[in-house]
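Engineer: Encoded as structure tokens, here's the structure I'll be asking about.
The values are calculated or read from the model by the stated rules, or taken from the named source; none is laboratory data. For clarity, every value in this text was computed on a predicted model and none was experimentally measured. No Cβ is skipped: glycine too gets one built from the backbone with ideal geometry, and neighbour counts run over all protein chains shown. SASA here: full protein model, heavy atoms, side chains in, ligands and nucleic acids out. Shrake-Rupley method; radii C 1.70, N 1.55, O 1.52, S 1.80 Å.
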Protein chains: 2
Amino acid sequence: MEAQQIIKALEALAQESRLAAFRALVKAGPPGLTPSVLSDKLDLPAPTLSFHLAQLRHAGLVNVTRDGRSLIYVANYDAMSGVIGFLTENCCADAGCAPASCRPSKEKNETRARRRA
Amino acid sequence: MEAQQIIKALEALAQESRLAAFRALVKAGPPGLTPSVLSDKLDLPAPTLSFHLAQLRHAGLVNVTRDGRSLIYVANYDAMSGVIGFLTENCCADAGCAPASCRPSKEKNETRARRRA
DNA sequence: ACAACGTTTCCATATTTATGGAATTATGGA
DNA sequence: TCCATAATTCCATAAATATGGAAACGTTGT
């Protein structure tokens, strides 16, 4: 995953409403949530929410599908995995960081991050 | 770690120059780096770099000490660990995310995140 | 005390981001 | 076809962020 891509994702998550929306989508799991449900849950006007969901979408953190008149937003776990992987490999000391269970077994530099599908 | 704290950290990292600066500091390790070295490495005018380092500092991602006329910036691994932990626990599906080796052993929901000092 | 150096603060400017009402675009049901 | 619903796009406005020259600040050597 490229740094620019990561920055987009971090930008997207670095905003209260969007982080809340994304967390809600993660919690909701594969069935996802519609904007109206989110709008209600997060108490955000539809256009504002729509704006934020678009940001998340452009950052690749969520996917959308349509079901009748409703849209279904679903968290993209692969993207999130990429972000966490990047941070772990590029922004953590060899073993001074990373939450305990999470030590990439001494791989050099960004080997793993570069192996994109 | 609180959501607001996390947002500050994500904001700080979600900017090209700052992410580059932080990565350089992580790479540099405990000895850290001075602004002039960073300014040179990243090709940023001193005031601009200073502004970004202040952002990182306010987000708690770096610490500063003085050595003579130079300041020494050092990455704060604990803070970074907190960020990665939060993302892993709040923004990942039960096991649908997190980079392979990094699975918090099935803890329920946000138990660990809530255990704040 | 003075000069040089490393760094920050001040400040004006340019750019980007967030907000939400009004209008608009899909979709499905009667 | 007409209406109601779900969501987005349009657009004006407000607010936050980034940039970098000039000036100021602390520290060290002379």
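Engineer: Determine how large the accessible area of residue A:77 is when every protein chain is in place; take a 1.4 Å probe and give Å² rounded to the nearest 10.
Structural biologist: Looks like 40 Å² after rounding.
Engineer: I'd like the trypsin sites (Lys or Arg not before Pro) in the stretch A:19-79 restricted to DSSP loop residues with at most 13 other Cβ atoms within 10 Å, sorted by number.
Structural biologist: Of the trypsin sites (Lys or Arg not before Pro), the ones in loops of the stretch A:19-79 whose Cβ has at most 13 other Cβ atoms within 10 Å are A:69.
Engineer: Related question: Measuring from label point to label point, each 7 Å out along Cα→Cβ, what is the residue A:37 to residue B:58 span in nm?
Structural biologist: 3.7
Engineer: Let me ask another. Counting Lys and Arg as +1 and Asp and Glu as -1, what is the net charge of the other residues whose Cβ lies under 13 Å from the Cβ of residue B:21?
Structural biologist: That sum, taken over residues with Cβ under 13 Å, equals +2.
Engineer: Still on this structure: Taking a point 7 Å out from Cα toward Cβ as the label site, list the nm distances between residue A:94 and the same residue in every other copy, smallest first.
Structural biologist: 3.8
Engineer: So, taking all protein chains as they sit and a 1.4 Å probe, how much accessible area belongs to residue B:65, in Å² rounded to tens?
Structural biologist: Probe radius 1.4 Å; accessible area of residue B:65 about 80 Å².
Engineer: Note the distances from residue A:42 to each other copy's matching label point, with points 7 Å along the Cα-to-beta-carbon direction, in nm, sorted shortest first.
Structural biologist: Values, ascending and in nm: 2.9.
Engineer: If we hang a label 7 Å off Cα along the beta carbon direction at residue B:64, how far is it from the matching labels on the other copies, in nm, shortest first?
Structural biologist: 4.2
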